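S.K.: Below you'll find the structure I mean.
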Amino acid sequence: MFRIRRIYDDILPNDRAAVEQVQGILRSQFEALSEADIDKLPLQLQNPLKFRFRTILHIAEGERRVVKGFALMMHAPDIHFSYLDFLAADPKRMGGGIGGALYEGVREEARLLNSIGLFFECLPDDPNLCHDPELLKENRARLRFYEQYEARPITHTAYETPFSASDDCPPYLVFDGLGRTERPSSQHCRNIVRAILERKYGSRCPAGYVDKVVASFKDDPIRLREPKYAKQNKPGRLNSMTRHSMVHRLGLVVSDKHQIHQVPERGYVESPVRIRTILKELEKTDLFERLPIRHFSKKYITAVHDRRFVEYLKAVCTKLAPDKSVYPYVFPIRNAARPPKDLPVRAGYFCMDVFTPLNQNAYHAAKRAVDCALTAAQAILEGYRMTYALVRPPGHHAERHVFGGFCYFNSAAIAANYLCRYGKTAILDVDYHHGNGTQDIFYKRSDVLTVSIHGHPRVAYPYFSGFEDEKGEGPGKGYNMNIPLPEVITGLQYREALKRAAGRIRRFRPVFLVVALGLDPAKNDPTGTWLLRAGDFFENGKIIGGLNLRTLVVQEGGYRVRSLGVNARHFFSGLAQGGAGQ
């Protein structure tokens, strides 16, 4: 068993260990490769501009994070082509479809990058070019494999010209059209060949060699060798590339206890139907892989929320009757140090409004939402590029000491606090309402950047926070950004604000991004006043995905059931598309 995942850099320990294993396979499988070329792999991943190629690494990972094989692809966005540099498996772990899975993943990656095709070198199967019988046998097997995908050598060129007369087995240049029938023109292919030879080989090419090879590409469009192994290939090989690779799927964690928190009072919009509606629409896509929920200790909650508040919430909820909801109605303006004996009356000590109820299951549902957010965060650490915690109740109004706004525990803040142990973390709150809880929790910290786009507090809950001049305090000064917007705005106006937020996040250069996803900016949402439609959510997702960060999305608000699921589906389609181009 193995899974395919993409390695973007070696910042996280798991990814660093994977890169080191890839380097070990390179050393064992490619003896002619210099140690300098092997050592530069981490830098290639981190700094594509230095090498004039974007380096894309896919690994096949087995149990205990053992790398069984890898594919290393170079993407040249300036010329719109992809180049497969290495496809290799650990010789001790070959077989089991590893090579095919990696190659199919690379093809899909190249297609998502809008590459004109996938190019790569392959040693020849012609005995006039390769005089080693054993090597010739391996070359034939390799070309037979690629021919299953209609990838064949480009003919009538001088690409097989060796660097020196004594060299044996000069490689073919192979082209895979990725399922398309059209082929590149001679001029386009000459640009591609020049890029391959100059960027990959550089000064190793003899004088005049590059110009000679480039000039030999005269067929317009290029011509491929006729199929040589067609009768030996098995039918049914994937060519259409219509499915999503594991590399591009989002981990999905859905709370299995959200429905236990029901408030039957009329007008209470934070209801279980919200999750069912979103999930129904997401199931129409092939974007997600459902992940099992893990249990996490309460210590992750108390790392963010005051312990007395957490213990109070658990105690009062446990003692309430199953059919009873308690709403805070007395607040300690005076004598805050002398709380009343009755726990429900004491609710005002820990709440910021009069419409967020306490009931028997509020604590359990909120705790499970935290488990889901932390599960999604852990999945990011284990290799997923993007994950989504579909939870209720929401959390971004819950401050360190108080609950409110339908929120009890701040799941997004707890997940961000968990992730920031591994690297700088940014939180982007796109709910219609200000994320006052998140701001309160991180207001004096510089390791977590908090950015919130919301309705202006003059007209929108929570009214007393979210102003533009609230920028952080002490070490956190400059690490809190509020973008309050007018009472009525269009999707285009919202995107301008989102681009400002994205610019601030880029300057912070985080490793992780936590998105507090509110779908209440939607037109006709009962708690908002903005005019965003499904297409706007798609564009917003695309902008966020384009940040190219390890991204955890945690569900917050959104209460217009008729459009809720459709808007969520459009947001995640945009998020996946924005991230696919990175």
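Just so you know, all these numbers are worked out from the coordinates, no wet-lab data involved. All values reported here derive from a predicted model rather than from experimental measurement. Don't worry about glycine lacking a Cβ; one is built from the backbone with ideal geometry, like all the others, and counts go over all protein chains shown.
S.K.: Let me check I've understood the local charge: for Gly177, count other residues with C-beta under 12 angstrom from its C-beta, Lys and Arg +1, Asp and Glu -1. What total comes out? Kindly include the intermediate steps, with their values, before the conclusion.
M.R.: Details: positive: Arg107, Arg111, Arg152, Arg180, Arg183; negative: Glu150, Asp176, Glu182.
Once all neighbours under 12 Å are counted, the net charge is +2.
S.K.: Here's another thing I want to ask about it. Over the range 3-232, what is the relative contact order in whole percent, taking alpha-carbon pairs under 8 Å and six or more residues apart?
M.R.: Reported as a whole number, the value is 15 percent.
S.K.: Then there's this: Could you give the dipole magnitude of the chain about its Cα centre, charging the beta-carbon of Lys and Arg +1 and that of Asp and Glu -1, in debye to the nearest 20?
M.R.: It works out to roughly 1360 debye.
S.K.: Taking amide H positions as placed in the peptide plane 1.01 Å from N, state which residues far from Leu449 in sequence (5 or more) or on other chains have amide H under 5 Å from it.
M.R.: Residues meeting the criterion, in which the H sits 1.01 Å from N, are Thr425, Ala426, Ile427.
S.K.: Work from the charge dipole of the chain (Cβ charges, +1 for Lys and Arg, -1 for Asp and Glu, about the Cα centre) and give the residue of Ser34, Leu381, Gly99 farthest towards its positive end.
M.R.: Looking along the dipole axis, the top candidate is Leu381.
S.K.: Return an integer: the convex hull volume of the alpha-carbon atoms of the chain, in Å³ per residue.
M.R.: Output value, Cα hull per residue: 165 Å³.
S.K.: Full-extension gain between Arg307 and Val561, please, as 0.36 nm times their residue separation minus the C-alpha to C-alpha distance.
M.R.: Contour length minus Cα-Cα distance gives 87.9 nm.
S.K.: Counting only DSSP beta bridges with both residues in the chain, tell me the antiparallel percent, nearest 5. Can you show the working numbers first?
M.R.: Details: 31 of 69 bridges.
Among the beta bridges of the chain, antiparallel pairing accounts for roughly 45 percent.
S.K.: Follow-up question, since we're still on this one. Would you kindly enumerate the cysteines in the chain that have no other Cys beta-carbon under 4.7 Å from their beta-carbon?
M.R.: Cys122, Cys189, Cys205, Cys317, Cys351, Cys372, Cys407, Cys420
S.K.: Separate question: Kindly write out, for the range 433-438 in residue order, the coupling ³J(HN,Hα) from the Karplus curve 6.51 cos²θ - 1.76 cosθ + 1.60 (θ = phi - 60°), rounded to whole Hz, with x marking Gly and Pro.
M.R.: Ordered by residue, 3J(HN,Hα) equals 9, 4, x, 4, x, 5 Hz.
S.K.: Provide the per-residue ³J(HN,Hα) series for the range 385-398, in order, calculated from phi with Karplus coefficients 6.51, -1.76, 1.60 and θ = phi - 60°, each as a whole number of Hz, with x at glycine and proline positions.
M.R.: Per residue, the Karplus-derived 3J(HN,Hα) values read 7, 9, 9, 9, 9, 8, 9, 8, x, x, x, 6, 8, 6 Hz.
S.K.: With 10 angstrom as the radius, rank Leu564, Leu513 by how many other C-beta atoms surround their C-beta, starting from the fewest. The partial results should precede the final answer.
M.R.: Numbers: Leu564 24, Leu513 27.
Fewest to most other Cβ atoms nearby, the residues stand as Leu564, Leu513.
S.K.: Something else: What ranking of His456, His295, His156 emerges when the number of other C-beta atoms within 10 Å of each C-beta is taken as an exposure proxy, fewest first?
M.R.: Taking fewest neighbouring Cβ atoms as first place, the list is His295, His156, His456.
S.K.: While we're here: Report ³J(HN,Hα) in whole Hz for each residue of the range 562-569, in order, from the Karplus equation J = 6.51 cos²θ - 1.76 cosθ + 1.60 where θ = phi - 60°; Gly and Pro get x.
M.R.: Once θ is set to phi - 60°, the couplings for the range 562-569 become 4, 10, 4, x, 4, 5, 5, 4 Hz.
S.K.: Could you tell me the calculated FRET efficiency between Glu487 and Asp211, based on Cβ-Cβ distance and R0 = 60 angstrom, to the nearest 0.05?
M.R.: 0.40
S.K.: Quick check for me: using +1 on Lys/Arg Cβ and -1 on Asp/Glu Cβ, what's the dipole size of the range 3-232 about its Cα centre, in debye to the nearest 20?
M.R.: Approximately 460 debye in magnitude.
S.K.: Then there is this: Amide H neighbours of Met386 under 5 Å, counting only residues 5+ apart in sequence or on other chains, H built in-plane at 1.01 Å?
M.R.: Gly251, Thr551
S.K.: Cα-based Rg (one decimal) and Dmax (whole number) for the range 3-232, in Å?
M.R.: When restricted to the Cα atoms of the range 3-232, Rg and Dmax are 17.3, 50 Å.
S.K.: How much FRET efficiency would the formula 1/(1 + (r/R0)^6) give for Gln259 and Glu289, where r is the Cβ-Cβ distance and R0 is 25 Å, rounded to 0.05?
M.R.: The computed FRET efficiency comes out at 0.65.
S.K.: Please compute the length gained on full extension between Lys298 and Ala315, using 0.36 nm multiplied by the number of residues separating them and subtracting their Cα-Cα distance.
M.R.: 4.7 nm
S.K.: To continue, here is another question. Within 12 Å, Cβ to Cβ, of Gly574, how many net charges do the neighbouring residues add up to if Lys/Arg are +1 and Asp/Glu are -1? Write out the running numbers ahead of the final one.
M.R.: Numbers: positive: Arg495, Lys542, Arg569; negative: Asp536, Glu539.
Neighbour charge sum, excluding Gly574 itself: +1.
S.K.: Here's another thing I want to ask about it. Among 403-413, 179-189, what's the highest-first ranking by average C-beta atoms within 10 angstrom per residue?
M.R.: So the peptides 403-413, 179-189, ranked by packing, come out 403-413, 179-189.
S.K.: Oh, and also: So for the chain, averaging the separation of alpha carbon pairs under 8 Å that are six or more residues apart and normalising by length, what relative contact order in percent results?
M.R.: RCO, the chain: 10 percent.
S.K.: Any idea which of Ala110, Pro322, Gly503 is furthest toward the positive side of the dipole for the chain, if Lys and Arg beta-carbons carry +1 and Asp and Glu beta-carbons -1?
M.R.: Farthest along the dipole direction, towards plus: Pro322.
S.K.: How high is the relative contact order of the range 53-120, given as a whole-number percent (alpha carbon pairs under 8 Å, six or more residues apart)?
M.R.: 31
S.K.: To make sure I understand, if each residue's beta carbon is the centre and we count other beta carbons within 10 Å, what order do Thr490, Thr277 fall in, fewest to most?
M.R.: Fewest to most other Cβ atoms nearby, the residues stand as Thr490, Thr277.
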